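A short worksheet on the structure shown next.
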4 protein chains.
Amino acid sequence: MKAILFTSDATPLQIAAVRRELMHDGAAGISTLNGARVVLLISDPADEIRLDEYSSLPGVTGVMEQEEKNLRVAHDRPPIDIQSGIEGLTMIAGPCGIESEEQVATIYEFLAGEGLRFVRGGAYKPRTSPHDFQGSGKSGLVMSSEIARDYGLQLVSEIVDPRDVEFAASYISMIQIGTRSMQNFPLLKEAGMSGLPILLKRGMSATVEEWIGAAEHALVAGAATVVFCERGIRTFESITRNTLDVLGAAALKEKTELPVIIDPSHAAGRRSLVVQGALAGIAAGLDGAIVEVHHDPASAKSDAAQALPLADFSKLMRLSRNIRAALTM
Amino acid sequence: MKAILFTSDATPLQIAAVRRELMHDGAAGISTLNGARVVLLISDPADEIRLDEYSSLPGVTGVMEQEEKNLRVAHDRPPIDIQSGIEGLTMIAGPCGIESEEQVATIYEFLAGEGLRFVRGGAYKPRTSPHDFQGSGKSGLVMSSEIARDYGLQLVSEIVDPRDVEFAASYISMIQIGTRSMQNFPLLKEAGMSGLPILLKRGMSATVEEWIGAAEHALVAGAATVVFCERGIRTFESITRNTLDVLGAAALKEKTELPVIIDPSHAAGRRSLVVQGALAGIAAGLDGAIVEVHHDPASAKSDAAQALPLADFSKLMRLSRNIRAALTM
Amino acid sequence: MKAILFTSDATPLQIAAVRRELMHDGAAGISTLNGARVVLLISDPADEIRLDEYSSLPGVTGVMEQEEKNLRVAHDRPPIDIQSGIEGLTMIAGPCGIESEEQVATIYEFLAGEGLRFVRGGAYKPRTSPHDFQGSGKSGLVMSSEIARDYGLQLVSEIVDPRDVEFAASYISMIQIGTRSMQNFPLLKEAGMSGLPILLKRGMSATVEEWIGAAEHALVAGAATVVFCERGIRTFESITRNTLDVLGAAALKEKTELPVIIDPSHAAGRRSLVVQGALAGIAAGLDGAIVEVHHDPASAKSDAAQALPLADFSKLMRLSRNIRAALTM
Amino acid sequence: MKAILFTSDATPLQIAAVRRELMHDGAAGISTLNGARVVLLISDPADEIRLDEYSSLPGVTGVMEQEEKNLRVAHDRPPIDIQSGIEGLTMIAGPCGIESEEQVATIYEFLAGEGLRFVRGGAYKPRTSPHDFQGSGKSGLVMSSEIARDYGLQLVSEIVDPRDVEFAASYISMIQIGTRSMQNFPLLKEAGMSGLPILLKRGMSATVEEWIGAAEHALVAGAATVVFCERGIRTFESITRNTLDVLGAAALKEKTELPVIIDPSHAAGRRSLVVQGALAGIAAGLDGAIVEVHHDPASAKSDAAQALPLADFSKLMRLSRNIRAALTM
């Protein structure tokens, strides 16, 4: 991939001049890296652009052409603040499924009290069998979004069909791409084009490299940023539902400055291990956690076994803060 | 799930009367199993239908309500003949990517000569990185379809975006759902609604149970039939690109009368093992194979290492016939 | 398995009387659980012993016969103190291979200064190829043991051949069973018969249930106790050498009161992730960690990439203490 | 590793002269490859031998020094005939456990009638729990061996403890190394030193490379030859007990001229799939199969579900012959 780097004091006019020249020379696409300095990434499938002709233009500090395919993941920084609940971390929580207004309001009120900024709310649910409950769809989304707004919260929700993105984008602040959709490229593209940040769950058997590739798809399409979310991989072991790959997520952080958070709920498969999984991730240096909570887990319609009672969530917040502090003492 | 079984000589009028009654009682959906006898599957989320009231109606031989969710996969038989190339088997071949009219014509002419009925042609390709070649899209599809028709062949092609199904359905005879899309439920639904048969590749880390669930999604939506296709699963071993689960596919055949074929190309990752993989599948009792061929593998744009030269494909056809015969001697 | 439970104030005489009666009735073996109260476990393959006849004997509070096979793992508590370095935790460190007296002395002196009680020293090494360096054998063991003693430390070392146990037992304080030997039952039995505690690494593709079974083998043979050690499992992911199963180890703790520690060195495969892996384990509630250290990692003969420099180990000790404290604040 | 190749008409005297010279120059070990031409493999850890000085000695046709560690696996051919039952194949069968003289005699008589030369008989069994049946040990071995001899058969039996090799070697003709022992290096060494051929099962999560390394251990120690045996690997899929890696075994054959056979019994976990698994292996070009049979499966003490009734074994033999022939038609 070809790229042009600008000096830190390059002016918008200088950058625009380079863009014009690139278009004139036949660039198929130009995008801009988020970060301290401006970098233009150039799509040039016909290989017509001679980079050395650009290296001496005003404002340009260097040009490069490199093997590394996923430049945005490698170099992007989140252009927006996605901190939530704990300084320096992104803590997200919410019910697994939307059951009633009362349920959602009870939980969101509690989460607002814990200082969260982002809350989750599942409307569309991918289900293994066509005969299972398929989620509450649009009405659940609109309702959750309104309640979230009432508490000053922003909604994160999973989208599974590219045709739902446009509608959903009016109601949610972050699009969750689920584990089964990690390599659903039309969906990633549509979600990216919304310009919203994307919470990208790792595919249940995706390598970290494939996960990076999926994020690059969303970023190239226009996503504001990508929050990676480790949720457990599929292995031979069944004492937990999935194997939470804490160290794989830590290894990803060596390759990107984008945030990487952990979702212990699905891997644990039961309440007793959820807090431990989240704390393990934070101790390993990850940037936050997303968990399922329920004000009355015994009555939850789906995945009840792993939903955290509210008191346990408060404990998780307290211990997460403690561990975050412990790492810097 | 609730079901009503009819006697083998039940008349259409008797069946229609039962349907009317079910609608009146509040059935949310009724679908018909393909097979020797008529079976109505009843969707009844509100649990309002009392089956025992139906057991004595004219033409009805029994009623049942069972745990088993995926009744269509368990009991459907293909309503159409999908044999291709070898009696009792479904052999499918084609180039991995569409490169030129000449390439496609050369390969299809050869395959027609080998007696195939179905040929593959990839138009839309899901790629791990957004910066890789993304396939030739609609134009490639139309072109392949026309050349296939010229040779009396039917086209099998992968669709990755539900919004492409309607267009593609005019040109192809079987929709391939790729490994990354196995649990893309909006796509399965749209593909099923086309009424075409579906070639359903196993997800790279899907259990056989999840694979069955995905097929049920397509069948319930209206797919003519589903052809399961084992293509290798993801394991720790890297001497082959994926681990071809021959015995897992054989185990699936114990749970369905739908055809199960094998795709050794991606698992093998190299030419030398493709024929061996296909023969292993046929010896294990599977119903056919799909492989990538190329008239000039050295120049193939994608996945060249695993494309079979035409002479090797002829050998594969000959040995497959021999093994099929050997199993019945 | 049959068991007899005694009251907490049962006298040795009462217990001895029950033992005599059991022998007389044909018990093939009787062993005693370590714990707050005395429990006799009875091996009775011929099924000749009637438990109800024992329930009213003096000192007996109950009898039971249960499916659960691995009673010792389920109910044993460590009869000896194995704390090392940090209150309530078992921290162990040492060089991966033994290179020279000077190397060992430098490292052990440092570790003694960090407050450790147990240090590792590899003498026998299982190597994948017969043409690789096979370890320093007996001489390395004797030398390490003497240096450890000089610093008041106790040696933990891996044994791979049952015929080496007797010799090694004079020099080491804890026998390590490596990942490739987890189901080497003759070795487990011989190691158990030494009466030493066993550090039992998890097999690289062992389920937690199999790991428990292996521990039971060692305990039944006479091991003082078993320290479980999670060291990463084999999965499809290769960004780390193995996938550290932090949550699987936490799940094991729900099934035993024996200690469960973490070995991040082999899973991480590189220095940068070792500290993160150890901290993740401690944050998840595990009982300690074992890591490889080197005073001059650049010159280490084997596995140099993952050995922790001494300064990093000091940091690990400090952060581990902090996290341990953070969990109880 | 360094090696010296001789011309096909090199005389024993010429070879002996080269050996002498190598010893004089400080070779730590010299071993001879089995094959059409003599090749000396030289162990030279101190790197003192200058190969070019040897290239012009009488009888020498070339010298080489190469990265490839496992030269014996790469170049050895079986020096003895291990065909059994079907021309060009090695078919082995027998009961899973030894139950009685009558059982063993009934089965061996049947297998002799089917033309087998090698039969299996399990005496020592590695069991996951210490409380399970541990096998019949020495007495079972002696008994099976005598019955085998009566029918002109040769016994293949698993050894798990290096201290049992010497005793067992008087009674058996091929030593089986089980999946849990594949990397038990002291056992491989002891078994190799017996000079018998080794049936080497693949470790349940061993890569093909590790499997080759284990075989090299046995060959370097003196094993007559190694027969590789694929028996299924551990993956996420549980519809079969293990995933039979037919294509991985075929890939191994590209790296060795030693025989590679298939054991479908443990992977299938049930009778219905055993024949299909064996035929898949033979169709993929493997060199034979080993299966468990029982004259009365319903009464088998262990692994009854997967033992093949005698009539099914006859069918397997017939179909295996057919497929072998089909591959060459």
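The values are calculated or read from the model by the stated rules, or taken from the named source; none is laboratory data. In this text, all values refer to a predicted model and were calculated from it rather than measured experimentally. Neighbour counts run over all protein chains shown; Cβ positions are idealised from the backbone, glycine included.
Key figures
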| item | result |
| --- | --- |
| Extreme residue, modelled with the lowest pLDDT, among residues of the range C:1-18 that are small (Gly, Ala, Ser) and under 9 Å from C:Gly59 (Cα atoms) | C:Ser8 |
| Subset of the range C:283-292 [buried (at least 24 other Cβ atoms within 10 Å of the Cβ), modelled with pLDDT of 95 or more and more than 7 Å from every other protein chain (Cβ to nearest Cβ)] | C:Leu286, C:Gly288, C:Ala289, C:Ile290, C:Val291 |
| B:Pro78 being assigned to a loop (DSSP other than H, G, I, E, B) and not assigned by TED's automatic domain parsing to the domain that holds B:Val220 | no |
| Filter result (in contact (Cβ under 8 Å) with a residue 60 or more places away in the chain, outside any loop (DSSP other than H, G, I, E, B) and among the polar types (S, T, N, Q)) within the range A:1-47 | A:Ser31 |
| Residue that is nearest to A:Pro95 (Cα to Cα) [pool: residues in the range A:244-269 that are charged (D, E, K, R) and over 16 Å from the mean Cα position of the chain (by Cα)] | A:Asp245 |
| Top-ranked residue of the range C:81-107 - restricted to ones that are polar (S, T, N, Q) and assigned to a loop (DSSP other than H, G, I, E, B), ranked as surrounded by the most Cβ atoms within 10 Å (Cβ to Cβ) | C:Gln83 |
| Residues of the range A:173-203 classified as farther than 16 Å from A:Ser157 by Cα and either of a type in the set (S, T, N, Q) or in contact with a strand residue (DSSP E or B) (Cβ under 6 Å, 6 or more places away or on another chain) (or both), total | 2 |
| Which numbered condition D:Asn322 fails, given (1) without any contact (Cβ under 8 Å) to a residue 12 or more places away in the chain; (2) farther than 19 Å from B:Gly248 by Cβ; (3) surrounded by fewer than 18 Cβ atoms within 10 Å (Cβ to Cβ) | (3) |
| Residues that are among the charged types (D, E, K, R) and in contact with a strand residue (DSSP E or B) (Cβ under 9 Å, 6 or more places away or on another chain), drawn from the range D:54-75 | D:Glu65, D:Arg72 |
| Among (1) over 21 Å from the mean Cα position of the chain (by Cα); (2) modelled with pLDDT of 95 or more, the one test that C:Gly277 misses | (1) |
| Search result, residues across the range D:243-271 that are touching a residue at least 12 places away in the same chain (Cβ under 8 Å) and surrounded by fewer than 24 Cβ atoms within 10 Å (Cβ to Cβ) | D:Ala251, D:Leu252, D:Lys253, D:Lys255, D:Thr256, D:Glu257, D:Pro259, D:His266, D:Gly269, D:Arg270, D:Arg271 |
| Every residue from the range A:48-74 that is within 26 Å of A:Ala223 (Cα to Cα) and part of a loop (DSSP other than H, G, I, E, B) | A:Gln66, A:Glu67, A:Glu68, A:Lys69, A:Asn70 |
| Filter result for A:Gly222 (closer than 23 Å to A:Leu187 by Cβ, assigned by TED's automatic domain parsing to the domain that holds A:Leu199 and under 19 Å from the mean Cα position of the chain (by Cα)) | yes |
| Residues of the range C:31-64 satisfying the condition of being within 14 Å of chain D (Cβ to nearest Cβ) and either closer than 23 Å to C:Pro78 by Cα or surrounded by 13 or more Cβ atoms within 10 Å (Cβ to Cβ) (or both) | C:Ser31, C:Leu41, C:Ile42, C:Ser43, C:Asp44 |
| Filter result for the condition that a residue is in contact with a helix residue (DSSP H, G or I) (Cβ under 8 Å, 6 or more places away or on another chain) and either modelled with pLDDT of 95 or more or surrounded by fewer than 24 Cβ atoms within 10 Å (Cβ to Cβ) (or both), over B:Ser194, B:Ser173, B:Ser205 | B:Ser194 |
| Residue match in the range D:267-279 (condition: within 14 Å of chain B (Cβ to nearest Cβ), farther than 23 Å from D:Glu114 by Cβ and not in a helix (DSSP H, G or I)) | yes |
| When residues of the range D:231-252 are limited to those that are charged (D, E, K, R) and out of contact with any Pro (no Cβ under 9 Å at 6 or more places or on another chain), the one farthest from B:Leu252 (Cα to Cα) | D:Arg234 |
| Helices (runs of 4 or more DSSP H) wholly inside the range B:172-256 containing at least 1 residues that are within 12 Å of chain A (Cβ to nearest Cβ) | B:185-193, B:208-221 |
| Tally of residues being out of contact with any Lys or Arg (no Cβ under 9 Å at 6 or more places or on another chain) and either touching a residue at least 24 places away in the same chain (Cβ under 8 Å) or outside the structural domain of C:Asp245 (by TED's automatic domain parsing) (or both) across the range C:272-282 | 7 |
| The range A:60-106, residues that are among the hydroxyl-bearing types (Ser, Thr, Tyr), modelled with pLDDT under 90 and over 20 Å from A:Ile49 (Cβ atoms) | A:Ser100 |
